[in-house]
1. How much mean residue ellipticity at 222 nm does the chain get from its helices, if each DSSP H run of length 4 or more adds -39500 (n - 2.57) and you divide by all residues, to the nearest 500 deg cm²/dmol?
2. Among Arg209, Arg67, rank each residue by its count of other Cβ atoms within 10 Å, from fewest to most, as a rough exposure measure.
3. Angle check, please: helix 130-141 long axis (alpha carbons) against the longest principal axis of the chain (alpha carbons), in degrees 0 to 90, nearest 10.
4. Distance cut-off 32 Å, Cα to Cα: go down the list Lys53/Lys252; Lys46/Lys252; Lys31/Lys160; Lys46/Lys70 and report the pairs above it.
5. Counting other beta carbons within 10 Å of each Cβ, put Val141, Val34, Val69 in order, fewest first.
6. For Gln42 and Ser249, calculate 0.36 nm times their separation in residues minus their Cα-Cα distance, and state this gained length in nm to one decimal.
7. How big is the dipole moment of the chain about its Cα centre under a simple scheme where the beta carbon of each Lys and Arg is +1, that of each Asp and Glu is -1, and everything else is neutral? Debye, nearest 20, please.
8. Could you tell me what % of all Cα pairs in the chain have separations over 25 Å?
Amino acid sequence: MQQGLIFDCDGVLADTELHGHLAAFNLMWQKFGVPWRWSSAQYSEKLKIGGGKERMASLFRDPDFLRTVKIPESEEERGALILSWHNEKTAIFEEIIAGGRIPPRAGIERLSQEALSAGWQLAVASTSARPAVAAVLRLAVGELASEFSIFAGDVVRAKKPAPDLYLFAIEHLGIPASECIAIEDSRNGLLSAHAARIPVLITVSEFTREEEFDEAQLVVTSLGDPQAEKSEVLANRMGREVGDFVGLSDLKAVIESAGVSP
C-alpha cells in the first residue's frame, strides 16, 4: 500500500516564524503606518492561534491594541482590513524567503527524496497562505517542490488544532491516515494530525521546544543529516532506536508503532 509523508511548513521546513513571519508582520504594520509591533514573546503566544489572519483578528479583542489603534466599526470593514494587512504581510514574507536569509532545516530535502524514490506521496499541510507555503517549500527542497501536493491557507474553515486540514489532505491524497506520517513542530499541529489519526513525528523549533508532545511517537531536535547536523532524540515511544539522523526506515517505524499503540 502506498504511504504518505505530510510536512507542516513553518518551523518544520525552515525556522520561518521569528525571522520570517514575525518580521513580515512588523514590517507590514510599519508600511501601513499602524503604531504596533509584536515582540518575540508576544508572537510566541499568538502562535497558539492557527492562521495569520486569525492571529491579527485576535488583536481586535486586545485592550492594548485597541487603545493604540483605531479600528473600523463594522465587521465587514474589519474583515477587509485584515485581508489587506495579510496580503501585504504575505508579499513581504515571500521577499524575505526569496532573499535567502532563512536556511531550510536539516534533513528535509534528503528525506523527501528518499520517500519519493520509495514511491511515497509527498505533501505539505499548513494554515499559512498558499503563496508563502510554496515559497518555503521551494527553499527547502528546490526542484522537488513540484512533486508535492500543497494543502494550505483557507482550504478548510477550522484551522489547527482542529483535524480538518489533515482530513482534507488524506482524502485528496487517497491514502488512509494509518499509512501516513505527519511531521510537525508544534502542539497545535500535533493535536490536528493526532485527531485525524495520523502518526506524528515532531521536530521541535525555536518557539516550540518546551511544549508537550505526549501524543507523538517520536520527538527530535531535527531530522538531521549525515556529516552535518545530528538529530537528538527528545522522546521515543516507538520501541526502536534512532541514529544520528532520521531516515525512511524511522518513518516506517513511527507508522507501525502507532498502529499497535493502545
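1. It lands at -12500 deg cm²/dmol.
2. Details: Arg209 13, Arg67 8.
The order, fewest Cβ neighbours first, is Arg67, Arg209.
3. 40 degrees
4. Working: Lys53/Lys252 35 Å; Lys46/Lys252 34 Å; Lys31/Lys160 29 Å; Lys46/Lys70 21 Å.
Listed pairs above 32 Å: Lys53/Lys252; Lys46/Lys252.
5. Numbers: Val141 24, Val34 17, Val69 14.
Listing Val141, Val34, Val69 from fewest to most nearby Cβ atoms yields Val69, Val34, Val141.
6. Details: separation 207, 0.36 × 207 = 74.52 nm, distance 3.88 nm.
Extra length from Gln42 to Ser249 when fully extended: 70.6 nm.
7. Numbers: 26 positive and 38 negative charges, 112 e Å.
With only Lys, Arg, Asp and Glu charged at Cβ, the dipole is about 540 debye.
8. Values: 14520 of 34191 pairs.
I get 42 percent for the Cα pairs in the chain exceeding 25 Å.
Where a number appears in this text, it was derived from the coordinates with a stated rule and is not lab data. All values derive from a computational prediction rather than experimental measurement. For neighbour counting, all protein chains shown are included, and Cβ atoms are generated from backbone atoms with ideal geometry for every residue, glycine included.
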